[in-house]
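The values are calculated or read from the model by the stated rules, or taken from the named source; none is laboratory data. It should be emphasised that the depicted structure is a prediction, and the values quoted were computed from it without experimental measurement. Note that each Cβ is placed from the backbone with ideal geometry, even for glycine, and that neighbours are counted across all protein chains shown. Ligands, DNA and RNA are excluded from the accessible area calculation, which covers all protein heavy atoms including side chains. Shrake-Rupley method; radii C 1.70, N 1.55, O 1.52, S 1.80 Å.
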Amino acid sequence: MPKFVEEMLRYDSPVQALVRIVTTDVMLAGVKIPKGEVVLALISSANRDERQHPNPDRFEIHRDQPSLSLGHGAHFCIGAQLARTEARCGMEALLSRFSGFQRTPAELTWGQAITVRGPHTLPLRFIPT
Ligand code: HEM
C-alpha cells in the first residue's frame, strides 16, 4: 500500500504547480531567467519526466525514484507523513470492507483550480465481499 500511495502521488500530482520568485540570475535548460522573475514550476510535468521515471505514463508501483508531489528541500511538505498515512488508512479501510470498487457510468467531474488537481465528483460502485 505505501508503494501504491507513492505512485498515486507521482502519477496524478494533487499539487500540479508551485510559484517561485527567482532570487538570482539563472540559466535553466539554455534559458536565462533573470532575478525577480516569477516562474511556475510544474510538479506534474517533472513527475512525468522520462529521465527520472522510465515509462512515466505507466502506473507502476515498484518505482524507487521519489516524486516531487510533496515538494522538495526547505519547504518540503510538513504534512507529508500525515497525508501518506491518511491515504494508506483510507484505502486499507475500504479494501477491508469491500472486495473492490469500479467506476459507474455517471460523469466524473474535475476541480477547476490551476494548481490543485483532483476529482470534484468520483462516482464509484463498491463491490461487497
Ligand atoms: C496529498 C496531500 C498533500 C500534498 C500533495 C501536499 C503538497 C505540498 C507541497 C508540494 C508543498 C511544498 C510547497 C512549496 O514548496 O511552496 C507543501 C508544503 C506544505 N504542506 Fe503539504 N501537502 C499535502 C498535505 C499536507 C497536510 C496534511 C498538511 C498539514 C497537516 C500539509 C502542510 C504543509 C505545510 C505547512 C507546508 C509548507 C511547508 C514550508 O513552507 O516549509 N500538507 N505541501
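The set of residues in segment 98-123 that are of a type in the set (S, T, N, Q) and either over 19 Å from Leu42 (Cα atoms) or loosely packed, with under 10 Cβ neighbours inside 10 Å (or both) comprises Ser99, Gln102, Thr104, Thr109, Gln112, Thr121. Is it the case that segment 48-68 has a residue that's within 17 Å of Phe4 (Cβ to Cβ), touching an Asp or Glu at 6+ places or on another chain (Cβ under 9 Å) and among the aromatic types (Phe, Trp, Tyr)? The answer is yes; a qualifying residue exists. For segment 74-111, filtering for residues that are closer than 20 Å to Glu6 by Cβ and of a type outside the set (Phe, Trp, Tyr) leaves 20.
For segment 1-97, which fully contained strands (runs of 3 or more DSSP E) count at least 2 residues that are within 25 Å of Gly111 (Cα to Cα) and open to solvent by 80 Å² or more (accessible area, probe 1.4 Å)?
In segment 1-97, 17-21, 38-42 are the strands (runs of 3 or more DSSP E) which contain 2 or more residues that are within 25 Å of Gly111 (Cα to Cα) and open to solvent by 80 Å² or more (accessible area, probe 1.4 Å).
Taking (1) in contact with a Lys or Arg (Cβ under 8 Å, 6 or more places away or on another chain); (2) part of a loop (DSSP other than H, G, I, E, B) in turn, Gln102 satisfies each apart from (2). Reported count of residues in segment 4-58, each being touching a residue at least 12 places away in the same chain (Cβ under 8 Å), more than 16 Å from the ligand (Cβ to nearest atom) and among the basic types (Lys, Arg), is 1. Does any residue of segment 106-127 turn out to be away from the ligand (no atom under 16 Å from the Cβ) and in a helix (DSSP H, G or I)? The answer is no, given that none of the residues of segment 106-127 is away from the ligand (no atom under 16 Å from the Cβ) and in a helix (DSSP H, G or I). Would you check if there is a residue in segment 57-74 being more than 16 Å from the chain's Cα centre (by Cα) and over 30 Å from Phe126 (Cα atoms)? For segment 57-74, residues more than 16 Å from the chain's Cα centre (by Cα) and over 30 Å from Phe126 (Cα atoms): present.
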